[in-house]
Amino acid sequence: MGKLKRKSRSIKKPSASEASKIMASKDFEVQQIFKAYRNGLISQETLTQQMDALCGAAGNGDGPQAASSPRPARVRKLLGDAGLDAPGAIARLMETGKTYDRAAEDLGNIVALEHVNVTVPDQEKAALFYINGLGLTRDPYMMTGPANMWVNAGRQQFHLPTSKPQVLRGHIGVVVSDYDALPQRLSRVRESLADTRFKCHEREGYIEALCPWGNRIRCFAPNQRFGPMAVGIPYVEFDVPVGTADGIARFYSQILGAQAAPLEDAQGRFACVTAGTGQNLFFRETDRQIQPYDQHHIQIYINDFSGPHRRLAAKGLISQESDHHQYRFQDIVDPDDGKLLFTIEHEVRSMKHPLYLRPLVNRNPSQSIIDYSPGDDARNWARSSN
């Protein structure tokens with residue numbers, strides 16, 4: 001029996017103090033990771049992944065339990081903390097014993113809704129509305145000529161090539177960093193856009209603005225509903241025929257591998273599709289007449305690139321083989337019976353696309369010559385979620 005006891009002690013898991021000593025030996029590595037993050041060399045995602053890896057390695061070894069070892073709930077709170085330099089500091093912070101709802105972090109296969117593309121007949125009027133009115137930023141690096149304009153909204157964009165006007169069948173949600181200043185900016189462009197369809201109205205919780213050609217934009221202040229987004233496009237909502245929401249949810253779930261479900265609220269039934277962090281595609285049923293499709297499109301990034309392509313191709317739904325990073329489809333069909341439910345072109349890109357996570361410039365729209373604030377020209381796309 002004594003031998004059995006000695007054997008049991010030999011495979012005993014390390015105590016909390018022993019784990020702390022193990023973790024202390026890795027402090028230099030941890031500090032270098034944070035240094036790289038502070039200097040912009042690695043992303044928040046990479047920081048989190050490497051911290052998770054260190055927790056697993058230090059706490060429970062390389063076995064299955066390593067993945068569940070605890071780490072701080074808010075890694076961002078550690079940044080700039082002088083206590084990180086103390087021996088064993090990281091280990092003590094990681095020994096919280098807290099559990100997490102890991103499913104709450106799932107996104108599904110669509111990892112980002114990146115842009116909405118609608119053509120416009122007049123670039124000057126488009127700039128008045130999107131840049132001067134909404135307070136967004138013209139991309140200074142791409143499409144800088146007179147025939148097209150890319151407009152930055154946080155990590156998302158509007159693409160506005162010159163052609164006859166296209167109107168999205170529904171509306172686009174936009175988070176505006178200086179929401180309180182928006183009514184004044186929109187009023188300033190009203191006279192210059194008097195001969196267009198431009199309108200704006202303050203509603204409960206948002207401001208609705210109609211672009212010069214009829215696209216509806218609902219503007220919101222940053223809030224918890226949209227996650228950390230301080231400026232950006234959190235959702236696009238499409239008007240779809242009655243009875244299609246359930247089939248649309250099945251399409252995105254079964255064909256694209258996205259998180260999708262049919263839901264219902266006070267306004268009626270709709271399909272909700274997760275399209276990134278704090279981002280969604282909504283397909284809301286309506287009995288109003290839906291206008292014919294005019295070839296406007298949205299662009300998404302997906303993680304599993306080949307699986308959806310294979311399933312779309314099997315149903316004859318691929319509309320364009322763009323290149324090795326991108327393909328397109330237009331028709332949304334019910335996977336159960338193949339019935340056409342709605343049409344909206346999707347520009348589908350892989351996460352290996354060269355433009356994925358391209359940094360976008362965002363200005364502070366409240367800056368002016370009269371009350372200029374030095375060092376406050378730019379806006380971050382996100383706000384702290386602490």
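The table for this structure:
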item: Residue in the range 93-100 that is open to solvent by 70 Å² or more (accessible area, probe 1.4 Å), out of contact with any helix residue (DSSP H, G or I) (no Cβ under 7 Å at 6 or more places or on another chain), basic (Lys, Arg) and modelled with pLDDT of 70 or more present; result: yes
item: Looking only at the range 157-212, and only at residues there that are free of Cβ contacts under 8 Å to residues at least 40 places away in the same chain, basic (Lys, Arg) and more than 19 Å from GLN291 (Cβ to Cβ), the one that is surrounded by the fewest Cβ atoms within 10 Å (Cβ to Cβ); result: ARG203
item: Candidate set: the range 218-236, residues that are touching a Phe, Trp or Tyr at 6+ places or on another chain (Cβ under 9 Å) and not in a strand (DSSP E or B); chosen: the one nearest to GLU124 (Cα to Cα); result: VAL231
item: Count of residues meeting criterion [under 21 Å from the mean Cα position of the chain (by Cα) and at negative phi] in the range 163-179; result: 10
item: Per-region count, the range 213-229, residues touching a Pro at 6+ places or on another chain (Cβ under 8 Å), open to solvent by less than 10 Å² (accessible area, probe 1.4 Å) and closer than 17 Å to PRO365 by Cβ; result: 1
item: Selected residue (criterion: surrounded by the fewest Cβ atoms within 10 Å (Cβ to Cβ)) from residues of the range 258-293 that are touching a Gly at 6+ places or on another chain (Cβ under 6 Å) and under 15 Å from ASP304 (Cβ atoms); result: GLN259
item: Residue within the range 209-217 that is closer than 30 Å to GLU105 by Cα, part of a strand (DSSP E or B) and at pLDDT 95 or above present; result: yes
item: Positions within the range 150-173 being in contact with a Pro (Cβ under 8 Å, 6 or more places away or on another chain) and closer than 23 Å to GLN279 by Cβ, in sequence order; result: GLY173
item: Which numbered condition ILE90 misses (of (1) outside any strand (DSSP E or B); (2) modelled with pLDDT of 95 or more; (3) over 18 Å from TRP213 (Cα atoms)); result: (2)
item: All positions within the range 336-386 that are of a type in the set (D, E, K, R), closer than 30 Å to VAL242 by Cα and open to solvent by 40 Å² or more (accessible area, probe 1.4 Å); result: ASP336, ASP337, LYS339
item: Which numbered condition PRO140 misses (of (1) at pLDDT 95 or above; (2) of a type outside the set (Val, Ile, Thr); (3) touching a Lys or Arg at 6+ places or on another chain (Cβ under 8 Å)); result: (3)
item: Residue in the range 310-320 that is under 27 Å from ARG155 (Cα atoms), of a type in the set (D, E, K, R) and out of contact with any strand residue (DSSP E or B) (no Cβ under 9 Å at 6 or more places or on another chain) present; result: no
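Results for (1) surrounded by fewer than 23 Cβ atoms within 10 Å (Cβ to Cβ); (2) of a type in the set (Gly, Ala, Ser); (3) at positive phi, shown as yes or no for each residue.
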residue	(1), (2), (3)
ASN117	yes, no, no
ASP122	yes, no, no
ALA127	yes, yes, no
TYR130	no, no, no
PRO140	yes, no, no
GLY145	yes, yes, no
ASN148	yes, no, no
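The values are calculated or read from the model by the stated rules, or taken from the named source; none is laboratory data. Remember, predicted model here, so these are calculated numbers, not experimental data. Because the Cβ atoms are built from the backbone with ideal geometry, glycine has one as well, and the counts that use them run over all protein chains shown. Each accessible area value is taken on the protein alone, full model and side chains, heavy atoms only, with ligands, DNA and RNA left out. Shrake-Rupley method; radii C 1.70, N 1.55, O 1.52, S 1.80 Å.
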